[in-house]
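Peer 1: For reference, the structure I am asking about is given below.
The values are calculated or read from the model by the stated rules, or taken from the named source; none is laboratory data. Everything quoted here is computed from the prediction, not taken from an experiment. Quick reminder, even Gly has a Cβ in these numbers, built from the backbone with ideal geometry, and neighbours come from all protein chains shown.
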Amino acid sequence: MPASYRRTIACLSLCTALLGLGPRLLLAQQPDQAQMHQQMEMMTPMFGQMMAAMLQGTLTVLAQPETAEKLATFTKNYYDALLRKGFTREEALRLVSSVGLPLPGAPR
């Protein structure tokens with residue numbers, strides 16, 4: 001039997017074996033419901049601490065005078081841009097007021 005033929009048979013045998021074991025290996029790696037629940041329970045306090053730290057950081061930045069200056073500049077630039085685009089003063093004011101603080105990740 002030629003060497004190339006033996007390599008092809010060996011490769012096919014290996015692929016067949018891997019295809020047969022693949023689903024079992026995947027199932028063995030998936031945690032069950034109890035493990036998932038336990039992992040979520042362990043992560044909950046960490047998420048709370050992260051959210052508190054993010055809020056604290058945001059408040060620290062917002063309390064800085066230079067932040068207020070930047071927000072005022074943004075608001076004025078946004079208002080002026082709306083007027084240039086043809087919005088009335090009332091429409092521009094309503095849009096600018098609806099934006100509030102343009103914070104990343106804030107729902108709109």
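Peer 1: Just to be sure, is Leu101 part of a loop (DSSP other than H, G, I, E, B), at negative phi and touching a residue at least 12 places away in the same chain (Cβ under 8 Å)?
Peer 2: On the way: part of a loop (DSSP other than H, G, I, E, B): yes; at negative phi: yes; touching a residue at least 12 places away in the same chain (Cβ under 8 Å): yes.
Considered against the rule, which asks whether it is part of a loop (DSSP other than H, G, I, E, B), at negative phi and touching a residue at least 12 places away in the same chain (Cβ under 8 Å), Leu101 comes out as yes.
Peer 1: In addition: Would you check which residues across the range 83-102 are surrounded by 12 or more Cβ atoms within 10 Å (Cβ to Cβ) and either within 30 Å of the chain's Cα centre (by Cα) or among the basic types (Lys, Arg) (or both) and list them?
Peer 2: Taking the range 83-102 and keeping what is surrounded by 12 or more Cβ atoms within 10 Å (Cβ to Cβ), we get 83, 87, 91-96, 99.
Passing the criteria: Arg94, Leu95, Val96, Val99.
Peer 1: Turning to a different aspect of this structure: Just checking: which of the helices (runs of 4 or more DSSP H) contained wholly in the range 1-88 hold 3 or more residues that are at pLDDT below 85 and of a type in the set (S, T, N, Q)? Before the answer, list the steps.
Peer 2: Working: elements: 3-29, 33-62, 65-84.
Filter on the range 1-88 gives 3-29, 33-62.
Peer 1: Is it fair to say Leu95 is modelled with pLDDT of 90 or more and not acidic (Asp, Glu)? Please lay out each step first, then the result.
Peer 2: Working: modelled with pLDDT of 90 or more: yes; not acidic (Asp, Glu): yes.
So Leu95 fits the description; yes.
Peer 1: Tell me which of these Gln49 doesn't satisfy, since it passes every other one: (1) touching a residue at least 40 places away in the same chain (Cβ under 8 Å); (2) loosely packed, with under 11 Cβ neighbours inside 10 Å.
Peer 2: (1) is the only condition that Gln49 fails.
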